[in-house]
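Written below as structure tokens is the structure these notes are about.
Where a number appears in this text, it was derived from the coordinates with a stated rule and is not lab data. In this text the structure is predicted, and so the values were computed from the model without any measurement. Positions of Cβ are backbone-derived with ideal geometry, glycine not excepted, and every protein chain shown enters the neighbour counts.
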Amino acid sequence: MSRARPPSLKDVAREAGVSYQTVSRVINDGPRVSIATRDRVLAAIAELGYRRNEAARALVTKRSRTIGVIADASPRFGPVSTLAAVESAARNAGYTALVATMSNPSGELLADTFRDFNERDVEGIVVIAPRVSMAHVAERTSAGIPVVMLAPGEASQPGITVFYEDQELGARLAVRHLVHLGHRDIAHLAGSQEWLDGQVRLRGWQAELGAHGLPAATVQFGDWTGESAYRIGQRMSAEGLPRSIFIASDLMALGFMRALYEAGASVPRDISVVGFDDNEFASEVHPPLTTVRQSFATVGARCMEILLGLIEGREPDTTPATPQLIVRRSTARP
């Protein structure tokens, strides 16, 4: 038994009582179509169950309306949120995102992935590179088509355009808030230095303390997990707490505050705490966490805007996105 063929543009035109060209203009949101005609065509599309053949359309327009996305395979908040934001922004722009994730990228693996994307006729590629290793491999690998890399603190170079949210500024906003409250003893619990995020947040802490003539003495290194911060919090509670601390992620801040609670210390009476990310639980912990908010939606939208500009031959605006300090009750005057 043969299957009925799917409805075509001509079928829609016949059902709506209009020309083939009119149906095409409605589908492609073209001009010179009255509201009544547009409604009639859309009703016919719904009635017949017509679906546009994107492969055939790409042959005509020479545009696949597809991008490639290479992302770090980490399940952590930042990479996952960034990937979701880029995919959403691509969809909103009328593009499909083909996603490849990798844990230990090599030049060969990245080149193979670029080649695979090219064979699928993607128009451009986004590389989400939170780790130093992925960023450096991507910088040495040519794709032959427009590439935007999300890599905090890195610089654009021929063949790759870098964009990011200014996390160094975010760290400076966190430290500046503590300084303005009157704190002079401001420690830092840093994230893994294998991650660009960890490096630029550490750099921001150092730079803002230097701007106020304060020493950048006490720094501890976690691995982004709450458990690592919990152990550091236990050790610092036993050895003597600073009056304030900037912690490189909200998840680590949560583990650190748990250790303080178990040691009998109070936030912010004994120590003020500032996190980074504005994770969904930041406002729900006790006390609600002062933190730096990243706008992943803004990063995704700007990233897609830059990539489309490169595809169309326009000069991109790569001015970093600006994070926001969210003041809650985990900070107070010393």
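Structure above, values below:
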| read-out | value |
| --- | --- |
| GluC sites (Glu not before Pro) restricted to DSSP loop in the stretch 239-332 with at most 12 other C-beta within 10 Å | Glu280, Glu284, Glu312 |
| Per-residue Cβ neighbour rank within 10 angstrom, fewest leading, Val99, Val162 | Val99, Val162 |
| Evaluated over the stretch 9-52, the Cα radius of gyration and Dmax, each in Å | 8.9, 24 |
| Sites Gln324 and Val80, calculated FRET efficiency, Cβ-Cβ separation with R0 22 Å, nearest 0.05 | 0.60 |
| Segment Lys10-Arg333, length gained on full extension (0.36 nm per residue, minus Cα span) | 109.1 nm |
| Additional length obtainable on full extension of the chain from Ile27 to Ala155, 0.36 nm per residue less Cα span | 42.1 nm |
| Tensor-based shape of the stretch 91-150 (alpha-carbon gyration tensor, a/c under 1.5 rounded, otherwise prolate or oblate) | prolate |
| Fully extended contour minus Cα-Cα distance, from Ala207 to Arg184, at 0.36 nm per residue | 6.9 nm |
| Fewest-first ranking of Tyr50, Tyr20, using other Cβ atoms within 10 Å as the exposure measure | Tyr20, Tyr50 |
| 5 Å binning of all Cα-Cα separations within the stretch 167-293, expressed as whole percents from 0 upward | 2, 12, 25, 27, 22, 10, 2 |
| Value of [θ]222 nm, deg cm²/dmol, for the chain, DSSP H segments ≥ 4, -39500 (n - 2.57) each, nearest 500 | -14000 deg cm²/dmol |
| Cα-projected label distance for Ala73 with Ser295, points at 7 Å along beta-carbon direction, nm | 3.4 |
| (1) 49, 22, 17; (2) 39, 24, 15; (3) 35, 22, 20, with the label sought being that of the calculated semi-axes √(5λ) of the Cα gyration tensor in Å | (1) |
